[in-house]
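Visitor: I'd like to ask some things about the structure below.
Here, each number is a calculation from the coordinates, and none is a lab measurement. Predicted model only: the values in this text are computed from it and were never measured. Here the Cβ positions follow ideal geometry from the backbone for every residue, glycine too, while neighbour counts run over all protein chains shown.
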Amino acid sequence: MKDFIIPDRDMGTPASKSDVMVTLNVDGRQVTVPAGTSVMRAAAEAGIAVPKLCATDHLEAFGSCRLCVVQIDGMRGTPASCTTPVAEGMVVHTQTDEVAQIRRGVMELYISDHPLDCLTCAANGDCELQDMAGAVGLREVRYDAPKNHFAQRTATGPNPEYRPKDQSNPYFTFDPAKCIVCSRCVRACEDVQGTFALTIEGRGFDSRVSAGMGSDSFLSSDCVSCGACVQVCPTATLVENKVIEIGTPEHIVKTTCAYCGVGCSFDAHMRGEEVVRMVPSKGGKANHGHSCVKGRFAWGYATHRERILRPMVREKITDPWREVDWDEALDFAATRLRRAQDDHGKNAIGVITSSRCTNEETYLVQKLARAVFGNNNTDTCARVCHSPTGYGLGQAFGTSAGTHDFDSVEDTDLALVIGANPTDGHPVFASRLRKRMRQGAGLIVIDPRRIDLLETPHMGMGMHLPLRPGTNVAVLTSLAHVIVTEGLYDEDFIRSRCDWDEFRTYMDFAADPRHSPDEVEKLSCVPAGLIRQAARAYAAAPRASIYYGLGVTEHSQGSTTVMAIANLAMMTGNIGEPGTGVNPLRGQNNVQGSCDMGSFPHEFPGYRHVGDQATRELYERIWGVPLSDEPGLRIPNMFDAALAGNFRGLYCQGEDIVQSDPDTQHVTSALKAMDIVIVQDLFLNETSNYAHVLLPGSSFLEKDGTFTNAERRINMVRRCMTPKNGHADWEITQMLANRMGAGWTYTHPSEIMEEIALTTPSFAGVSFDLLDRVGSVQWPCNEAAPLGTPVMHLDGFVRGKGRFLHTEYVATEERSGPRFPLLLTTGRILSQYNVGAQTRRTENLAWHAEDVLEIHPSDAENRGVRQGDWVRVASRSGETTLRAHITDRVAPGVVYTTFHHPTNQVNVITTDNSDWATNCPEFKVTAVQVSPSNGPTDWQRDYRSHSDLARRIMQTAAE
Amino acid sequence: MPSTPQDSVFDSDSQDRLDRIIATHAGREGPLLPILHDVQAEWGMIPEEAQPIIAKALGLTRAEVYGVVSFYHDFRDHPAGPHVLRLCRAEACISMGGDELADQICRALGIGWHETTPDGRLTLEPVFCLGLCACAPSAELDGKLIGRADAARISRMVAEVRA
């Protein structure tokens, strides 16, 4: 079976990228490898395993264990094969009497300071030390070491060298007694993750792995629990608690992480239907064997006791839930939806697709609206995050997606990061960027807050433009001003790839003195000198890339900012080659996919307008029903229509709009005004407090399908276990559709993908078979690019000529004033994900148990707020309370918080301002006042009491 | 003078003193070791609280600084007495009676390795080779080398500095 795959073999050292090939002879076998390859890897390529302990292909060679020594003709002594590069004509002997004796001697020393409790050890069967003892033929240990690190007691009392296990991290255990000090963990923390949380303390016999300083534990150290150290540890020193608890896995299923838009590939190590551990796939093209704390460890929510496994219905939202069977729930839902349409018209109901579900599931949900409801009332959470990206990049370049793959970061000379916090939001990408920064790439951050990326250990040039929230367009246009007035633009590129006259007009616009750094300093509070420096650095870098996040899009001028970004890239020629580009860091695992799959009310899959007759006819033919050519309602319009009484029913799959959408009270009133709200989710959530039907959803571990990540990469999701709720999400949508007369007959998601490929030109070549064969592809994937397209706009823009759009700064209506003198901006943190529905149900709470308000010391002092105090945050829309964290990471006048916990409901205070083009809400700027407080606000209390009421489940008699 | 409790070695004005030390090494290549030497000269030890501050200033992490501090035996995690006697424990000195000499000195001072005399005046440290093998056994008192050391001579010198 293709799902059951033997783990990738460890080749010992990383692959060389050289295109010069070298042929050598290893143990009588000819092998040809790229120059720069180690002898160890060359041997592995020839199928010969050289014993090793400190080497792994995740890490650069280190040469410390002395087990991999070999003999090479014409070379003196016994060089380490991991650190010796191959040479043409080299003759290598990996097994001679001499090296056999050395290896056995080395192993004897290792084992003399290692406990021999193999049978009861957590790494039993999965221990490289054990394997190597076997490989070198170790039969006795002659040394009776006077001192050791593993025995708790000696003959005379406690062993002063013994240190107990460090179990401070909730997911893994550090047992110093098992450590052979190979430094793999320290090197993984440095080279792969880039956190530098680990070190080797002391020296000689006293050398030990230490997290942080002497007084630190793993939890108190800088460790971000990415697990890279656990993955590379050859013994049981660093091991997942689940492995300790369960034992070794027996099969592997390759799948894709369901957290952020990086879309890491994972090997799910299974025992039966139970996940033992998630190990990032070495062959994963987005993550290359790395992961973060969420993907690797925080999947326990899938089996959390709070998961809803049976459908539930109720007449009114104040009634307790009644558990029913699937038939009754679906009939109830279908009948009410049809009744709403009968009473209030065809357009009275709609859907919200999920950016957490697969492409296939999203496709079905929008098809439900278009083909079964007969309207285009479909929208998705991308509305509230990256809709301006779709619009802005579509206008400038012709495609609504990032231009490059993540691998491109390895070639960049300067990264301009705008309104994104990659170390927390997109950690695996951040690790790759940090690696490039350690190699010398520069960094410019435009963000109100001093993000962690600016504190990267061993980084080179870093610049921070701490702008006032809401002034993105002004600052970016000012960068353009410097570039055009100082003649730093790339004329050749513009003449060949864009319209020169159009650029000249833009140039006149940007050169206007109102865009000069000195003028913009007054608006943005960014020193004019810094703006100039940043513009010069960006223009001067041979290959400069832009990475941006929600700090760009979630503004009233989100789309304009995206266009300003596109302008900067085009005028400096930073498009179309590796290391350059414009790359949105998309939030959710499948937000790119949900946009691609036609979740928007005006677009069919593949971004084709519903008014486009050819496309509509295509779908009418395939689906066999007439389709509406009128764009449907966007999420905010649905709410407005609901309050006006025209929109009466909603099918909401896998999105918690009450918590994630702005101006919570507006959202909840709209939901209360509907006749039928159907929520399909893993858990009761804030939205389900207002729902009449709850259809239990399935987790990513329980279904087949595909996710599309931020680099347009379509990755396979594979079923690891039977859905605990009985059905995968696509089956539930199909059952609902069929209750409404759809007559769908899909038996597997691969059939849905066939339909997508058949109807969507950019997906024409995609099939599950192709993905099984090649792992993943980046759309467009069609006849012209059968294996996908890593870098777009190589020789020309998709739309033809790149387009320069004028980017006039218009201040948001959300301004600070005497009543609300501070600007609130929101963001994320590493250990929690989005509304936290998943991560709050994992041990990740160890790192972030509540949302806090970051406030500058001077603002705090003015208000008499001390560290950890409860504070009230009030805006024009509402108020909430949370604890204050005093820090100078935010500038005076700016406060910052996260929105992972429902009790604080930060979106109670965000307003209904939104992007002019796409209605993407302005989450990132809200004028607020902060004052000391004693506890929860009235709203929080009222909300809690409704929530408690709405979550009651009626006890049913056992059948 | 009342003895200072160990946890307050790094007090409120220490931050300024540390910042000044770091500033004097700004722009220098490989500034960590010189900074650590100055810190030890200032506080008689490397306070743990200083390590994250040094790390931040140099673009390192506290783990890295701790790795360096703990690697070198001469960087202390608690202050020594004002006078330090070091006895060589390496092969040449051992072969010339180093063990016996060490036993005699320990007995005479009434302390063991890494310990400080009850009056707080003198700390005894082992050292692995002072580069004075030709004159083994050797010792070092307050940075001054002593060749062909014997218990009587060392005791006399120690008595002088403790006085």
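Visitor: What number do you get for segment B:83-162 when its Cα radius of gyration is normalised by 2.2 N^0.38 Å, N = residues?
Guide: Here the answer is 0.97, to two decimals.
Visitor: Right, next: On a 0 to 90° scale, report how tilted helix B:32-43 is relative to the longest principal axis of chain B, with both axes built from alpha carbons and the result rounded to the nearest 10.
Guide: That helix lies at roughly 70 degrees to the long axis.
Visitor: Given the alpha-carbon gyration tensor of segment A:441-545, what are the semi-axes of its equivalent ellipsoid in whole angstrom, ordered largest first, with each equal to the square root of 5 times an eigenvalue?
Guide: After diagonalising the Cα gyration tensor, the semi-axes are 25, 18, 10 Å.
Visitor: With the calculation restricted to Cα positions, what are the radius of gyration and Dmax of segment A:532-662 in angstrom?
Guide: 19.4, 59
Visitor: Tell me the angle of helix A:97-112 to the major Cα principal axis of chain A, expressed in degrees between 0 and 90 and rounded to the nearest ten.
Guide: Taking the Cα atoms of chain A, the angle to A:97-112 is about 70 degrees.
Visitor: What residues qualify as long-range amide H neighbours of A:Val26, i.e. H under 5 Å apart, gap of 5 or more or another chain, H built at 1.01 Å from N?
Guide: A:Val31, A:Val92
Visitor: Moving on to the next point. In terms of Cα to Cα distance under 13 Å, which aspartates and glutamates are near enough to A:Lys282, apart from those fewer than 8 places away along the same chain?
Guide: A:Asp8, A:Asp10, A:Asp57, A:Asp267
Visitor: What's the whole-number percent of alpha carbon pairs in segment A:172-322 lying beyond 20 angstrom?
Guide: Cα-Cα pairs in segment A:172-322 separated by more than 20 Å: 56 percent.
Visitor: Could I ask something else about it? Give me D for segment B:41-125 in µm² s⁻¹, whole number, from Stokes-Einstein with Rh from the Kirkwood sum over alpha-carbon pairs, 10 °C and 1.306 mPa s.
Guide: 107 µm²/s
Visitor: So how tilted is helix B:98-109 from the main axis of chain B? Cα-based, degrees 0 to 90, rounded to 10.
Guide: 80 degrees
Visitor: Show me, for segment A:518-533, the HN-Hα J-couplings you get by feeding each phi into the Karplus relation (A = 6.51, B = -1.76, C = 1.60, θ = phi - 60°), rounded to Hz, glycine and proline as x.
Guide: Coupling constants for segment A:518-533: 5, 5, 5, 4, 5, 7, 9, 6, 8, x, 4, x, 5, 4, 4, 4 Hz.
Visitor: Taking every eigenvalue of the Cα gyration tensor of segment A:69-176, multiplying by 5 and rooting it, what semi-axes result, largest first, whole Å?
Guide: Those come to 34, 18, 13 Å.
Visitor: Where does chain B land at 222 nm, in deg cm²/dmol rounded to the nearest 500, when only DSSP H runs of n ≥ 4 count, each adding -39500 (n - 2.57), divided by all residues?
Guide: -13000 deg cm²/dmol
Visitor: Across segment A:910-927, in residue order, what do the Karplus-derived ³J(HN,Hα) couplings come to in whole Hz, using 6.51 cos²θ - 1.76 cosθ + 1.60 with θ = phi - 60° and x for Gly and Pro?
Guide: Couplings: 6, 9, 9, 5, 8, 4, 5, 8, 10, 6, 5, x, 8, 5, 8, 9, 9, 6 Hz.
Visitor: Counting only residues 5 or more places away or on other chains, whose amide H sits under 5 Å from the amide H of A:Phe797 once H atoms are built in the peptide plane?
Guide: Result for A:Phe797 returns A:Gly802.
Visitor: Additional query: Please report the orientation-averaged projected area of the protein assembly as shown, defined via the convex hull of its C-alpha atoms, in nm².
Guide: 50.3 nm²
Visitor: Quick one, what does Rg over Rh come out to for chain B if you take C-alpha atoms and the Kirkwood Rh?
Guide: 1.03
Visitor: Looking at segment A:423-503, which GluC sites (Glu not before Pro) are in a loop (DSSP not H, G, I, E or B) and have at most 15 other Cβ atoms within 10 Å? If you can, show how the numbers build up before the last one.
Guide: Values: sites: A:Glu455, A:Glu486, A:Glu491, A:Glu502; in loops: A:Glu486.
Listed in order of number, the matching sites are A:Glu486.
Visitor: In addition: Would you report the distance distribution of C-alpha pairs in segment A:312-352 as whole percents per 5 angstrom bin, up to the bin with the largest distance?
Guide: The calculated distribution, bin by bin, is 5, 22, 21, 24, 19, 7, 0.
Visitor: Right, here's the next one. Kindly provide the Kirkwood hydrodynamic radius of segment B:12-71 in Å, to one decimal, from all pairs of distinct alpha carbon atoms.
Guide: 11.3 Å
Visitor: Please compute the alpha carbon radius of gyration of segment B:60-110, then divide it by the globular-protein estimate 2.2 N^0.38 Å. Two decimals is fine.
Guide: Values: Rg = 15.6 Å, N = 51, 2.2 N^0.38 = 9.8 Å.
Relative to the 2.2 N^0.38 Å estimate, segment B:60-110 comes out at 1.59.
Visitor: Ok, one more. Once amide H atoms are built 1.01 Å from N in the peptide plane, which residues 5 or more positions from A:Arg271, or in another chain, come under 5 Å H to H?
Guide: A:Glu250, A:Val276
Visitor: Which value in nm describes the separation of the simple spin-label points at A:Arg450 and A:Glu410, placed 7 Å from the Cα toward the beta carbon?
Guide: 3.3 nm
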